[in-house]
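The values are calculated or read from the model by the stated rules, or taken from the named source; none is laboratory data. Everything numeric here is computed off the predicted structure, so don't read it as measured data. Here Cβ is always computed from backbone atoms with ideal geometry, including for glycine, and neighbour counts include all displayed protein chains.
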């Protein structure tokens, strides 16, 4: 059944693809509806749905390293997220022209509640726990769904990452020269691409995104959970000596590729150099640390004869005007721009890259993947289809 479905999808020259992507701690669910034909792409519609408070609280609670899982809470969350996936998807599809509201297939990136070591000295010493049901989404929307990318990467011997290349190269192909893509979510990731030959210099996490900043804001007990637009940091001054000290954290100096987890930097906020600052200065310095670690990583890992054409920033951090200003200061002569200038909503670059990567894979393009020494599984994802798929109305 699956092979027959995939064979039909591969024959479609211009595909409509719905990417449903959920964040982990904080955030919400976004649906990005694409039209893809080879390397040409266009976003038909995009919508974002923040998590309801109970869902957000449960994700944060269940994701904590010291928290025990309550199975009844996990069951409710798994069920609730499945319904929210469908609700968000239908909202995006409703924004499309009536004749284009049925996707040829959907991509589901579930929120990860946990990812880490199993403590077993075996090939599968790493594992993940996501939430949400792909079969529910597939049956509700009436289309095939591919999901479980992190798990498949782990089973293939990889570190448990989303496939984003060649999707990133396809996005960068709208530019010339060397392009630096920076995604600032809870953590920051840098991808540098030479568009002349579509080669990747580096693609790696590099440090905190908004995770430290959000935590620092919460500790102020003002009722805010993040620095909206960077306005709080804008009222403070960066303490240079403290910033330089924080930027020497051992993990920041490790070479690429590396993976960051949002809670691994929490101890930085306990550094004595931050304790005596006024709240605005502390927030400004923590904000500057995100920009500094991105720039320091770029400078250490990427050695070019000429400067990049531009730095394109995506993710929630792109809405922080103070952070964007700090990035512009560090990169100096290199323009720092929002990814929106390439036709992609600022929150949607990772879902877009995932969608383009999956479509490229279906079209026969090899996906660069850390497959280990003995991969046991095709390193992409798991397909599910509706029980009655093919018997009723289908996408044209």
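Within segment 215-226, residues that are over 20 Å from residue 64 (Cβ atoms) reach partners that are surrounded by 14 or more Cβ atoms within 10 Å (Cβ to Cβ) and at pLDDT 95 or above with beta carbons closer than 7 Å, at six or more positions or on different chains, in the pairs 220/279; 224/217.
Every residue, every condition in (1) surrounded by fewer than 16 Cβ atoms within 10 Å (Cβ to Cβ); (2) assigned by TED's automatic domain parsing to the domain that holds residue 185; (3) modelled with pLDDT of 70 or more, yes or no:
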site: 327; (1), (2), (3): no, yes, yes
site: 338; (1), (2), (3): yes, yes, yes
site: 352; (1), (2), (3): no, no, yes
site: 357; (1), (2), (3): no, no, yes
site: 360; (1), (2), (3): no, no, yes
site: 363; (1), (2), (3): yes, no, yes
site: 369; (1), (2), (3): no, no, no
site: 379; (1), (2), (3): no, no, no
site: 390; (1), (2), (3): yes, no, no
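Here 188, 198 are screened, and the one residue that is in contact with a helix residue (DSSP H, G or I) (Cβ under 8 Å, 6 or more places away or on another chain), buried (at least 24 other Cβ atoms within 10 Å of the Cβ) and not assigned by TED's automatic domain parsing to the domain that holds residue 355 is 188.
For segment 125-242, the helices (runs of 4 or more DSSP H) that sit wholly inside it and include 3 or more residues that are more than 21 Å from residue 324 (Cα to Cα) and over 22 Å from the mean Cα position of the chain (by Cα) are 134-141. Take the conditions (1) assigned to a loop (DSSP other than H, G, I, E, B); (2) in contact with a strand residue (DSSP E or B) (Cβ under 6 Å, 6 or more places away or on another chain); (3) surrounded by 14 or more Cβ atoms within 10 Å (Cβ to Cβ); residue 259 misses just one of them, which is (3). For segment 273-301, filtered to residues that are modelled with pLDDT of 95 or more and outside any helix (DSSP H, G or I), the residue that is surrounded by the fewest Cβ atoms within 10 Å (Cβ to Cβ) is 278.
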